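Visitor: Before I ask anything, here is the structure I am working with.
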Amino acid sequence: MEPFILASQSPRRQMLLTWADIPFEVIVSDSNETYPASLDLNEVPVYIAKNKAQAVYEKIILSYPQHSNKNIVAADTIVVLEGNVLGKPANKAEAIASLNALSGKTHRVITGVVLRYQGKEYSFSETTLVTFNSLTLAQIEYYVENYKPYDKAGGYAIQEWIGVVGIHSIEGDFYNVMGLPVSKLLQKIKQLEVNELL
């Protein structure tokens with residue numbers, strides 16, 4: 001498998017690609033993470049991932065022309081609760097408010113993935129349902145104080161303490177909640193490789 005360019009600084013996405021034995025190197029570029037208000041929430045993470053992939057592609061062309069033929073993987077994850085997107089908390093108060101809103105409820109984690117493969121763009125998304133136990137304020141404050149989840153959609157990471165203590169159940173791909181549906185990604189890559197040989 002040819003190495004991919006991962007358009008993400010996320011250590012969790014890098015770890016998942018490593019676990020899946022997908023070779024990659026990281027190149028990131030600032031991109032616009034806003035989206036049209038009229039956009040269906042299911043399409044939001046793919047829209048943002050496309051912007052990430054395009055920004056990295058343009059950076060490669062300008063700064064790393066030797067990599068211009070490399071394939072690119074970009075992803076974005078959102079947390080949706082009762083029709084509202086819970087973004088990355090900017091501070092402790094926002095993180096506490098986010099977890100308090102998630103407490104005792106079921107929310108959707110949607111990850112959009114974009115592949116720029118052999119000059120063509122492919123995209124898909126994956127949705128996982130996550131249900132939290134009812135959390136006490138003490139539990140929420142402990143997690144935020146000790147884990148500082150300010151770079152995480154919804155203000156939590158399922159692989160940390162809060163996942164062990166606070167998650168009642170999940171329906172769907174666990175790794176999608178970590179930020180990348182890596183099994184589905186691998187299947188898509190294999191499919192593209194097979195099609196290329198036909």
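Visitor: Kindly indicate which of ALA7, ALA74 is within 17 Å of TYR175 (Cα to Cα) and within 13 Å of the chain's Cα centre (by Cα).
Guide: Step by step, each of ALA7, ALA74 is checked, and only ALA74 is within 17 Å of TYR175 (Cα to Cα) and within 13 Å of the chain's Cα centre (by Cα).
Visitor: I've got another one for you. Limited to segment 166-183, what total is found for residues that are surrounded by fewer than 17 Cβ atoms within 10 Å (Cβ to Cβ) and either aromatic (Phe, Trp, Tyr) or part of a helix (DSSP H, G or I) (or both)?
Guide: 2
Visitor: A follow-up question, please. Within segment 70-99, which residues are under 16 Å from LEU192 (Cα atoms) and either free of Cβ contacts under 8 Å to residues at least 40 places away in the same chain or β-branched (Val, Ile, Thr) (or both)? Give the derivation first.
Guide: Restricting attention to segment 70-99, the residues satisfying the condition of being under 16 Å from LEU192 (Cα atoms) are 70-73.
Correct list: ILE72, VAL73.
Visitor: Of the residues that sit in segment 134-165 and are among the small types (Gly, Ala, Ser) and either touching a residue at least 60 places away in the same chain (Cβ under 8 Å) or closer than 19 Å to GLY112 by Cβ (or both), which one is surrounded by the most Cβ atoms within 10 Å (Cβ to Cβ)? Please lay out each step first, then the result.
Guide: Within segment 134-165, the first condition is being among the small types (Gly, Ala, Ser), and the residues that meet it are 134, 138, 153-155, 157, 163.
Still in the list and also either touching a residue at least 60 places away in the same chain (Cβ under 8 Å) or closer than 19 Å to GLY112 by Cβ (or both): 153-155, 157.
Values: ALA153: 24, GLY154: 26, GLY155: 29, ALA157: 19.
Looking at residues that are among the small types (Gly, Ala, Ser) and either touching a residue at least 60 places away in the same chain (Cβ under 8 Å) or closer than 19 Å to GLY112 by Cβ (or both), I get GLY155.
Visitor: Right, something else. Just checking, does segment 44-54 include any residue being in a strand (DSSP E or B) and closer than 24 Å to LEU192 by Cα? It would help to see each step written out before you state the result.
Guide: To start, the set of residues in segment 44-54 that are in a strand (DSSP E or B) comprises none.
Within segment 44-54, not a single residue is in a strand (DSSP E or B) and closer than 24 Å to LEU192 by Cα.
Visitor: I would also like to ask the following. Tally the residues that are among the polar types (S, T, N, Q) and assigned to a helix (DSSP H, G or I), restricting the search to segment 131-152. Steps first, answer last, please.
Guide: Initial filter on segment 131-152 (among the polar types (S, T, N, Q)): 131, 133-134, 136, 139, 146.
Applying the additional criterion that residues be assigned to a helix (DSSP H, G or I) yields 139, 146.
The number of residues fulfilling the criteria is 2.
Visitor: LEU102 is checked against (1) crowded, with 22+ Cβ neighbours inside 10 Å; (2) touching a residue at least 60 places away in the same chain (Cβ under 8 Å); (3) over 16 Å from the mean Cα position of the chain (by Cα) and fails just one. What number does that condition carry?
Guide: Condition not satisfied by LEU102: (2).
Since every read-out is calculated from the coordinates, none of them should be taken as a lab result. Quantities reported herein were computed from a predicted structural model and do not represent experimental measurements. Cβ sites come from the backbone with ideal geometry, for glycine too, and all protein chains shown count toward neighbours.
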